[in-house]
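As structure tokens, the structure follows; a few thoughts come after it.
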């Protein structure tokens, strides 16, 4: 999850996947605020991993957003801080 924020900040396209346990966890909690910041990101079915981060055309800057997490998560907070 945290790697998604770092890759988003750098504008590096990537596919992030993981173990069956990670694939069972919801990723929309991370993808939704990153999308709001301008990150081209997609999840697999039902908002699960793998996450696909696209390149930002012309290295467009990300937009700061105020966001309240519906479920507290240090990993998601860290990813959002890394993203910018």
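The values are calculated or read from the model by the stated rules, or taken from the named source; none is laboratory data. Computed from a predicted model, the values in this text were never measured in an experiment. Because the Cβ atoms are built from the backbone with ideal geometry, glycine has one as well, and the counts that use them run over all protein chains shown.
Remarks
- Screening region 51-65 for residues that are at pLDDT 90 or above and out of contact with any helix residue (DSSP H, G or I) (no Cβ under 9 Å at 6 or more places or on another chain) and picking the one that is farthest from residue 22 (Cα to Cα) gives 54.
- Test: residue 33 is touching a helix residue (DSSP H, G or I) at 6+ places or on another chain (Cβ under 8 Å) and loosely packed, with under 12 Cβ neighbours inside 10 Å: no
- Within region 15-30, considering residues that are assigned to a helix (DSSP H, G or I) and without any contact (Cβ under 8 Å) to a residue 24 or more places away in the chain, the one farthest from residue 69 (Cα to Cα): 20
- Scope region 38-50; condition outside any loop (DSSP other than H, G, I, E, B) and touching a helix residue (DSSP H, G or I) at 6+ places or on another chain (Cβ under 6 Å); matching residues: 41, 47
- Residues being surrounded by 12 or more Cβ atoms within 10 Å (Cβ to Cβ) and closer than 14 Å to residue 39 by Cα - total across region 14-26: 1
- Among residues of region 47-83, those that are surrounded by fewer than 16 Cβ atoms within 10 Å (Cβ to Cβ), touching a residue at least 12 places away in the same chain (Cβ under 8 Å) and more than 20 Å from residue 26 (Cα to Cα), counted: 7
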